[in-house]
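Heads up: the structure comes next, in structure tokens.
Values quoted throughout were computed directly from the atomic coordinates according to the rules given, and no laboratory measurement underlies them. Computed from a prediction, not measured in an experiment: that's the story for all the values here. Don't worry about glycine lacking a Cβ; one is built from the backbone with ideal geometry, like all the others, and counts go over all protein chains shown.
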Amino acid sequence: MSVLGTQQHPLDYSKYPDELQGPIKKYEDFISTRLQPDLQQVLGLRDTIYNRMSEYLKLKTHIETIRTQGLDELETKVDLGSNFFVKAFVSDTTHIFVNVGYGFHLQMTLDEADSFIDEKVKHLEK
């Protein structure tokens with residue numbers, strides 16, 4: 001298997017001099033047992049960060065929609081998890097609850113949420 005996860009044909013060690021076969025096998029084993037699992041872990045963490053950024057940017061878009069359309073109240077759907085949505089009615093759009101991390105949600109004005117999202121996305125980009 002290559003570093004990017006595609007299948008490779010196993011090396012034919014017999015075409016290499018005897019003194020190179022051992023080191024080649026050693027490096028190949030190191031790549032497959034150490035580097036590839038590390039790469040998969042890092043790619044998973046990257047995907048998690050990109051998903052968080054995407055959620056914050058979606059919220060920023062919703063905030064802009066509320067502002068541009070001058071919505072005082074809002075009917076929407078909320079994801080309860082595992083793509084299970086329920087209808088929700090927001091009677092006052094001047095404040096929203098924002099997930100600030102570690103399971104905490106903070107009530108913010110739209111301006112505060114907008115500023116928080118900008119800072120959070122900058123932090124996640126690092």
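Pairs of Lys residues in the chain that lie 8 or more places apart, or on two chains, and have C-alpha atoms under 15 angstrom apart add up to 6. Decide, for segment 28-89, between rounded, prolate and oblate: order the square roots of the alpha carbon gyration tensor eigenvalues as a ≥ b ≥ c, take rounded if a/c falls under 1.5, and otherwise choose prolate if a/b is larger than b/c, else oblate. Because a/c hits 1.5 or more and a/b fails to exceed b/c, segment 28-89 counts as oblate.
Where only DSSP H runs of four or more residues are counted, the chain gives -17500 deg cm²/dmol as its mean residue ellipticity at 222 nm, each run worth -39500 (n - 2.57).
Of Lys87, Lys25, Lys60, the sequence from fewest to most neighbouring Cβ atoms within 10 angstrom is Lys87, Lys25, Lys60. Placing unit charges on each Cβ (+1 for Lys and Arg, -1 for Asp and Glu) gives the chain a dipole about its Cα centre, and among Leu20, Thr109, Val98 the Cα reaching farthest toward its positive end belongs to Leu20. Ranked for footprinting exposure by Cβ neighbours inside 10 Å, fewest first, Ile96, Ile31 give Ile31, Ile96. Of the chymotrypsin sites (Phe, Trp or Tyr not before Pro) found in segment 35-126, those in coil by DSSP whose Cβ has at most 13 other Cβ atoms within 10 Å are Phe84, Tyr102. So if I take the centroid of the Cα atoms in segment 20-65 and the same for segment 96-126, what is the distance between those two points in Å? After rounding, the separation between the Cα centres reads 24 Å.
Short-range pairs are left out: with C-alpha atoms under 8 Å and at least six residues apart, the relative contact order of the chain is 16 percent. With 0.36 nm allotted per residue and the present C-alpha distance subtracted, the Glu55-Leu39 stretch has 3.3 nm of extension available. Taking P(r) over Cα pairs in 10 Å bins from 0, in percent as calculated from this structure, the corresponding entry among (i) 10, 27, 21, 12, 12, 10, 6, 1; (ii) 13, 45, 31, 9, 1; (iii) 13, 43, 29, 14, 2 is (i).
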